[in-house]
Amino acid sequence: MPRIWRQPGTGPPSADGWAPSPRREEMARPVTSRAVGGRVAYLHVSQPPEIDPPADWLDIAHRVVDGTLVVVVSGEVDLHTAPSLRAAVTAGIDQTSASPCILDLTKVTFLDSAGLTALLDATCHAEARHEPLRIIVDGNRPVIRPIEITGLDDTLRLYHSIDEALNSGKRP
């Protein structure tokens with residue numbers, strides 16, 4: 001059995017720091033087989049272990065500025081944290097009544113496709129309630145670059161500051 005380096009906090013390693021993974025057998029399982037040269041070959045699918053993201057990957061706070069709810073996000077928005085972002089923003093939209101919800105992404109350090117999908121889902125949720133979701137991106141390159149590359153800057157209501165988002169009317 002191959003030796004796998006354990007991450008800190010996953011259990012007691014051996015004296016040299018190497019230990020077999022306890023989930024190795026659970027993760028690899030035969031899914032299909034086929035005959036190859038008189039032998040049976042198995043295609044194994046490895047499933048990632050169920051890992052909750054560390055709390056410091058994403059921090060979400062709600063605050064009220066001039067009577068408008070602002071959802072402030074800091075950290076990384078990826079496959080593991082995007083559901084938390086989606087839930088927080090849709091909850092914020094549901095709390096507002098006939099007023100916009102502002103999403104502040106100026107402290108986000110990473111945004112991947114799952115995060116972009118969460119932004120689109122939240123925007124659609126806001127539009128279904130006839131309330132705008134205003135997104136603050138500032139000049140934050142890890143956030144604005146994926147949005148520009150995918151062309152979502154034409155779909156999302158983007159602003160450079162909270163003041164600009166508060167003082168703007170509906171974008172055509």
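The values are calculated or read from the model by the stated rules, or taken from the named source; none is laboratory data. Since the model is a prediction, treat every value here as computed from it, not as a measurement. Note that each Cβ is placed from the backbone with ideal geometry, even for glycine, and that neighbours are counted across all protein chains shown.
If the condition is being in contact (Cβ under 8 Å) with a residue 24 or more places away in the chain and of a type in the set (Gly, Ala, Ser), then segment 129-162 contributes only Ser161. For segment 117-141, residues that are acidic (Asp, Glu) and part of a loop (DSSP other than H, G, I, E, B) total 2. Taken residue by residue, segment 129-140 has at least one member that is farther than 18 Å from Leu85 by Cβ, out of contact with any helix residue (DSSP H, G or I) (no Cβ under 8 Å at 6 or more places or on another chain) and not charged (D, E, K, R).
Taking first residues from segment 90-107 that are within 22 Å of Ile144 (Cβ to Cβ) and partners that are assigned to a helix (DSSP H, G or I) and polar (S, T, N, Q), the Cβ contacts under 9 Å between residues at least 6 apart in sequence or on separate chains come to Cys101/Gln95.
Consider Ala114 carefully, then state whether it is touching a Leu at 6+ places or on another chain (Cβ under 6 Å), surrounded by fewer than 19 Cβ atoms within 10 Å (Cβ to Cβ) and outside any strand (DSSP E or B). Against the criterion (touching a Leu at 6+ places or on another chain (Cβ under 6 Å), surrounded by fewer than 19 Cβ atoms within 10 Å (Cβ to Cβ) and outside any strand (DSSP E or B)), Ala114 qualifies. As for segment 143-153, it holds at least one residue that is surrounded by fewer than 16 Cβ atoms within 10 Å (Cβ to Cβ), more than 19 Å from Ala88 (Cβ to Cβ) and aliphatic (A, V, I, L, M). Could you please let me know if Asp121 is surrounded by fewer than 19 Cβ atoms within 10 Å (Cβ to Cβ) and either of a type in the set (Gly, Ala, Ser) or over 17 Å from the mean Cα position of the chain (by Cα) (or both)? Criteria not met by Asp121.
Scanning segment 91-107 for residues that are hydrophobic (A, V, I, L, M, F, W, C) and either in a strand (DSSP E or B) or outside the structural domain of Ser74 (by TED's automatic domain parsing) (or both) yields Cys101, Ile102, Leu103, Leu105.
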